Amino acid sequence: MKNIVFDMDGVLIDSEALILEIWKKIAQKEGIRKIEETLLQCIGITAPETKALFLRVYGEAFPYERLQKQASEAFHRQADEGGLPVKPGVYELFEFLKEQDFRIGLASSTREAAVRSEMESLGLLKYFHVVVCGDMVSHSKPHPEIYQKACELLGAPPADCYAVEDSPNGIRSAHAAGMKPLMVPDLVAPDEEIRRLCFCRFESLLEVKAFLEKQ
């Protein structure tokens, strides 16, 4: 089986931890309660659904647009100054996949322009045969649509595709699509439900590489 689809944030780049730290600073300044709890619910969903979740939690008067702009500017400032933090093992894994003629997809809830820009800046965009993003589908994870579309574009049945995910919503999405979910947890540890849905769990992408080498 040589088809594999990756999530981006929290799997390939350590963006979720950076975003959380940025929002914590904003929350402290603005007096926003339970920001970490709220942000963890946003992992794996699209930008419109993130906004809707914030408004449900904090009320319709919450100045989401203004604060999200602050967070986005801080994130890109950090990226421009120090580069995006890459997860350990990314380049080793992708070189292995290329050498072994894997068909590689990306299924990220982030909008396409940002995904392509970030992947290009890290030299990773060239590895992907297909890229499916949050603004290219109607439903966000945990709905299976984004993974179903990625498998379709790869020309492979979902049962013959691995999905590499870090979040519960991502694992639910890949499992519902009929794929084999490989979990590398980031900010949210898997509970009993998510452990059941995983095909395998790993501590790092280097462990994913070692697993695939044995297949």
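Percent of Cα pairs in region 21-117 per distance bin of 5 Å, from zero to the largest separation: 2, 10, 16, 21, 18, 12, 9, 6, 4, 2, 0. Using 0.36 nm per residue, how much length does the chain from residue 121 to residue 57 gain when fully extended, once their Cα-Cα distance is taken away? Result for the pair: 19.6 nm of gain on full extension. Of all stretches in the chain that contain no trypsin sites (Lys or Arg not before Pro) in a DSSP loop with at most 16 other Cβ atoms within 10 Å, the longest one is 112-213.
Can you list the GluC sites (Glu not before Pro) in region 103-192 that are in a DSSP coil and have 12 or fewer other beta carbons within 10 angstrom?
Numbers: sites: 112, 118, 120, 145, 152, 165, 192; in loops: none.
Passing both the DSSP loop test and the Cβ count: no residue.
Computed from phi, the 3J(HN,Hα) profile of region 34-40 under the Karplus parametrisation 6.51, -1.76, 1.60 (θ = phi - 60°) reads 6, 5, 5, 4, 5, 5, 5 Hz, with x in place of Gly and Pro. Roughly how tilted is helix 168-177, in degrees to the nearest 10 and between 0 and 90, from the longest Cα axis of the chain? Compared with the principal axis, the helix lies near 40 degrees.
Rolling a 1.4 Å sphere over the protein heavy atoms, what is the accessible area per residue of the chain, to the nearest Å²? Display every interim value, and only then the final one.
Values: 10420 Å² over 215 residues.
Accessible area per residue, the chain: 48 Å².
Computed from backbone phi with θ = phi - 60° and the Karplus coefficients 6.51, -1.76 and 1.60, the 3J(HN,Hα) list for region 70-78 is 4, 5, 5, 5, 5, 5, 6, 5, 4 Hz; x is used for glycine and proline. For the chain, the alpha carbon convex hull comes to 114 Å³ per residue, rounded to a whole number. Centre-to-centre, using Cα atoms only, region 3-17 and region 27-81 are separated by 19 Å. Report, to the nearest 10°, how far helix 90-99 tilts away from the longest principal axis of the Cα atoms in the chain, using its own Cα long axis and a range of 0 to 90°. Long axis of 90-99 versus the principal axis of the chain: about 30 degrees. Across region 201-215, computed HN-Hα scalar couplings (Karplus, 6.51 cos²θ - 1.76 cosθ + 1.60, θ = phi - 60°) run 10, 9, 8, 7, 5, 5, 5, 4, 4, 4, 5, 5, 5, 8, 7 Hz from first to last residue, x flagging Gly and Pro. With +1 on the Cβ of every Lys and Arg and -1 on the Cβ of every Asp and Glu, and nothing else charged, how large is the dipole of region 1-92 about its Cα centre, in debye rounded to the nearest 20? Its charge dipole is roughly 260 debye. Close amide H contacts of residue 163 (hydrogens built in the peptide plane, cut-off under 5 Å, sequence separation of 5 or more or a different chain): 5, 180, 182.
Estimated from helices alone, the mean residue ellipticity of the chain at 222 nm is -15500 deg cm²/dmol (sum of -39500 (n - 2.57) over DSSP H runs with n ≥ 4, per residue).
Between the Cα long axis of helix 112-121 and the first principal axis of the chain there is an angle of about 70°, rounded to the nearest 10.
Test of understanding: what is the full-extension gain from residue 195 to residue 36, defined as 0.36 nm times their sequence separation minus their Cα-Cα distance? Could you put the intermediate results ahead of the total?
Numbers: separation 159, 0.36 × 159 = 57.24 nm, distance 2.28 nm.
So the chain would gain 55.0 nm between residue 195 and residue 36.
For the chain, the fraction of 1.4 Å probe accessible surface lying on carbon and sulfur atoms is 49 percent. Across every pair of non-identical alpha carbons in region 1-50, the mean reciprocal distance, once inverted, gives a Kirkwood radius of 12.4 Å.
Considering Cα pairs under 8 angstrom that are at least six residues apart, work out the relative contact order of the chain and quote it in whole percent.
26 percent
Which links in 2/87; 2/69; 25/180; 87/149 stretch past 29 Å when you go from one Cα to the other? From the list (2/87; 2/69; 25/180; 87/149), the Cα-Cα distance tops 29 Å for 2/69; 25/180.
Where in region 23-81 are there GluC sites (Glu not before Pro) that are in a DSSP coil and have at most 14 other Cβ atoms within 10 angstrom of their Cβ? Passing sites in region 23-81 are 60.
The values are calculated or read from the model by the stated rules, or taken from the named source; none is laboratory data. Every value quoted in this text rests on a predicted model; they were computed, and no experiment measured them. Methodologically, a virtual Cβ is constructed for each residue, glycine included, from the backbone with ideal geometry; neighbour enumeration extends over all protein chains shown. Surface areas here come from the heavy atoms of the whole protein model, side chains and all, with no ligands, DNA or RNA. Shrake-Rupley method; radii C 1.70, N 1.55, O 1.52, S 1.80 Å.
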